[in-house]
Amino acid sequence: MIPLKDLTSRRSFPAVTFFLIAANIAVFIYQLSLPPATAETFVRTYGLVPSKIQLALLGRHYSMQQALLPLFTCMFLHGGFLHILGNMWFLWIFGANVEDRLGSLAYLLFYIVCGVGSGVAQAAFSWGSRIPSIGASGAISGVLGAYIVLFPASRILTLVPLFVIFFFMARIPAVIFIGLWFVVQFLSGLDSLGAHTAAAAGGVAWWAHVGGFALGVLLAWAIKPARQRAPSY
């Protein structure tokens, strides 16, 4: 299923969401400008590598700054056009109303906390791995977690595949759309536990998605306004 638009109106321009998308695109363009060898070094330096954290804790090879800074920087790196396109599309659709509800500054802090938390979850479930994890999907998963708490009755205009080659549009409740998305992430994460390589796990940081989403839900419940405006359809 491909989300096309959320059908809940908002009261303000999503400046932080726009800024985050612009920042991700700017970093991606910079990645594309690098020679292949330099680009690989860049990703290994600023992508999240669980083995670096393990070695830093043992006092070997890496400082804690070198090991932990990627929990933040990895959120702005992407592995290809489809990777960044999918992430930014989800961020635009679901982030705008979450920002509108939380306020720009709180939303920015929320996004960063979810991104870092998702990295911690991924590192914990792939402890010792030397494969860099990159992408904004962990933080965006936190945004989805907040969305399902703040706008459960909202409708998502969705392109739904039928027999693979045919598509139709449907207005799917957010709680169903995001709920199904989370089930896929969780089951895929469980399946990846038996994988020994990133390729075997499908190259996706499933536990970053699960961890970011869970943290987003918890934070949204903690800061959920007592009164919410009714969603429009």
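The value of relative contact order for the chain, using C-alpha pairs under 8 Å at least six residues apart, is 27 percent. Taken as entire DSSP H runs, the helices of the chain that both span 18 Å or more between Cα atoms along their own long axis and average 1.0 or more on the Kyte-Doolittle scale are 15-33, 104-125, 137-150, 174-192, 206-223. Bin width 5 Å, alpha-carbon pairs only: give the P(r) of region 86-208 as whole percents, running from 0 to the bin holding the largest distance. Going from the shortest bin to the longest, the percentages are 2, 10, 18, 20, 18, 15, 10, 5, 1.
The value obtained for the chain, namely the Cα convex hull volume divided by the number of residues, is 132 Å³ per residue. Just checking the listed ones, 61, 209, 83: in the Gaussian network model of the chain with Cα springs under 10 Å, the one fluctuating most is 61.
Ranking of 30, 147 by solvent-accessible surface, largest first: 30, 147 (1.4 Å probe, protein heavy atoms only, all chains present). For the residues 169, 88, a 1.4 Å probe over the protein chains yields an accessible-area ranking, largest first, of 169, 88. Pairwise Cα distances in region 1-61 exceed 15 Å in 72 percent of cases.
The values are calculated or read from the model by the stated rules, or taken from the named source; none is laboratory data. Values in this document were obtained by computation on a predicted structure and should not be read as measured data. Note: accessible area is taken over every heavy atom of the protein model, side chains too, but ligands, DNA and RNA are not part of it. Shrake-Rupley method; radii C 1.70, N 1.55, O 1.52, S 1.80 Å.
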